[in-house]
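The values are calculated or read from the model by the stated rules, or taken from the named source; none is laboratory data. These figures come from a predicted structure and were not determined experimentally. Backbone-built Cβ (ideal geometry, glycine too); neighbour counts: all protein chains shown.
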Amino acid sequence: MMEIAALADLLKLEDDALLEAVARQTFHFFWDGAEPASFLARDRSTTEADPPGDLVAVGGSGFGIMALVVAVERGWVMRADAVMRLTRMLDLLEKAERYHGAYPHFLHGETGKTIPFGPLDDGGDLVETALLMMGLLTARQYFAGEITLAARITTLFDAVEWDWYRHGEDVLYWHWSAQHGWAMNHSIRGWNETLITYVLAAGAAHHSISAKVYENGFCNSTDYWNGKIYCGVHLPLGPDGGGPLFFAHYSFCGLDPYGLADGHADYWRQNVAQVAANRAHCIANPGGFAGYGPACWGLTASDDPSGYEAHAPNSDNGTISPTAALSSFPYAPEAAMAALRHFLSAHGDKLWGRFGFADAFNETRNWWADTFLAIDQGPIIVMMENYRSGLLWKLFMAAPEVQSGLRRLGFTGLHA
């Protein structure tokens, strides 16, 4: 088992050194805890052991690939070792089952066969595919000198038939199954974590979509416009209370929101506002939950005492998820640092472990998770790095497909 940074030592560190230590420990989820055949990311592990089997999380692997870039840049792993791992990942992804170019939610890491996510969800998942492609394009930009590797990534991206997932309408659909067709009937509309899907679909060299699909699809929803005031914070977009904080994280692991705008919003202001409203809700604590306060905040999707839930100001059961605050460093660095130090000092004996922070805790119900999730660990590493250096933002925003997609959809402030 890898060495776990001691709590007492962590709390003595200056801020930047502490961020380095936490991100590096969290990276072990994607390095030591990777699925052993493909080196892609497992969906989850526990504080004690990795799960049996070879289940791979497609979207979580996208975050893991971005974390791999951070690890090379920070000197945690050798570049040659990272290239070897990425090559093995591509070996699996090239032979894996795809559905008009899109990957399923889960894959077998050794065979590439689909592992159904649900009774009807046994085919392509366009959002998980977009998160994977965000990671792959970032890696392609970073490892540009690896000509063959870069070309393989481009080929996988170009194979995604984004326009197929329109289902003949001016909106993208989340799922398609060879067995069940469009039975899930889940159109992708915002405001939520799926902006990246429309940007990549618009920027594709083949099978692209037009701005009309973005405007009539993503931007056409009862949960898109907001404009209300929550705890003194004006929120431009999103559901009541702002929704879970992964809305401000997932797409923006790659998309740099600073100065990014279209006819609907300034996305830096949007994300800063959502984080501020989420934290203000936790400080106000209308539910009277134990532990909430200025240094103990952050509601997002995570495990909880009853299973798994998308926690948010309007859906709050007392569960705090460390990834919510820690992935918000770019938007609220002082508040995020206070939360980081609080999680270590007040809960470190129960939360801190081999892969960083466990997924969540609920003091009211005397519950602390014993799980680590790829989709929660990944954004911690990536968004901490974006706060510290902007590395992933610079790389992803420089990809020609990203620049093309943003321009096609009418975005300004591309600064690549």
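Any idea which residue in segment 289-321 is farthest from I380 (Cα to Cα), counting only those that are out of contact with any strand residue (DSSP E or B) (no Cβ under 9 Å at 6 or more places or on another chain) and without any contact (Cβ under 8 Å) to a residue 12 or more places away in the chain?
S306
Inspect segment 323-341 for any residue being more than 30 Å from K228 (Cβ to Cβ) and touching a residue at least 24 places away in the same chain (Cβ under 8 Å) and give the result as yes or no.
Yes.
What residue, among those in segment 114-159 that are touching a strand residue (DSSP E or B) at 6+ places or on another chain (Cβ under 7 Å) and part of a loop (DSSP other than H, G, I, E, B), is surrounded by the most Cβ atoms within 10 Å (Cβ to Cβ)?
G123
Could you grab me the full set of residues in segment 47-100 that are polar (S, T, N, Q) and either part of a helix (DSSP H, G or I) or within 26 Å of D121 (Cα to Cα) (or both)?
S61, T87, listed by residue number.
Are there any pairs with C-beta distances below 7 angstrom linking a residue in segment 191-212 that is of a type in the set (S, T, N, Q) to a residue that is assigned to a loop (DSSP other than H, G, I, E, B), with the two at least 6 apart or on different chains, and if so which?
Partner pairs satisfying both residue conditions: N192/G243; T194/I188; T197/L172; T197/I188.
Sort through A312, A325, A277 and tell me the only one that's surrounded by 21 or more Cβ atoms within 10 Å (Cβ to Cβ), over 30 Å from E215 (Cα atoms), in contact with a Gly (Cβ under 7 Å, 6 or more places away or on another chain) and at pLDDT 95 or above.
Every option except A325 fails the conditions.
Would you say R279 is part of a loop (DSSP other than H, G, I, E, B), among the charged types (D, E, K, R) and in contact with a helix residue (DSSP H, G or I) (Cβ under 7 Å, 6 or more places away or on another chain)?
no
Within the bounds of segment 189-211, is there any residue that is modelled with pLDDT of 95 or more, out of contact with any helix residue (DSSP H, G or I) (no Cβ under 9 Å at 6 or more places or on another chain), surrounded by fewer than 23 Cβ atoms within 10 Å (Cβ to Cβ) and farther than 25 Å from I65 by Cα?
No; the residues of segment 189-211 include none that is modelled with pLDDT of 95 or more, out of contact with any helix residue (DSSP H, G or I) (no Cβ under 9 Å at 6 or more places or on another chain), surrounded by fewer than 23 Cβ atoms within 10 Å (Cβ to Cβ) and farther than 25 Å from I65 by Cα.
Please state which one of P104, P51 is surrounded by fewer than 24 Cβ atoms within 10 Å (Cβ to Cβ) and either at pLDDT 95 or above or of a type outside the set (A, V, I, L, M) (or both).
Residue meeting the stated conditions: P51.
Can you pull out the residues in segment 214-246 that are in contact (Cβ under 8 Å) with a residue 60 or more places away in the chain, part of a helix (DSSP H, G or I) and either in contact with a strand residue (DSSP E or B) (Cβ under 6 Å, 6 or more places away or on another chain) or surrounded by 16 or more Cβ atoms within 10 Å (Cβ to Cβ) (or both)?
Y214, G241, G242, L245, F246
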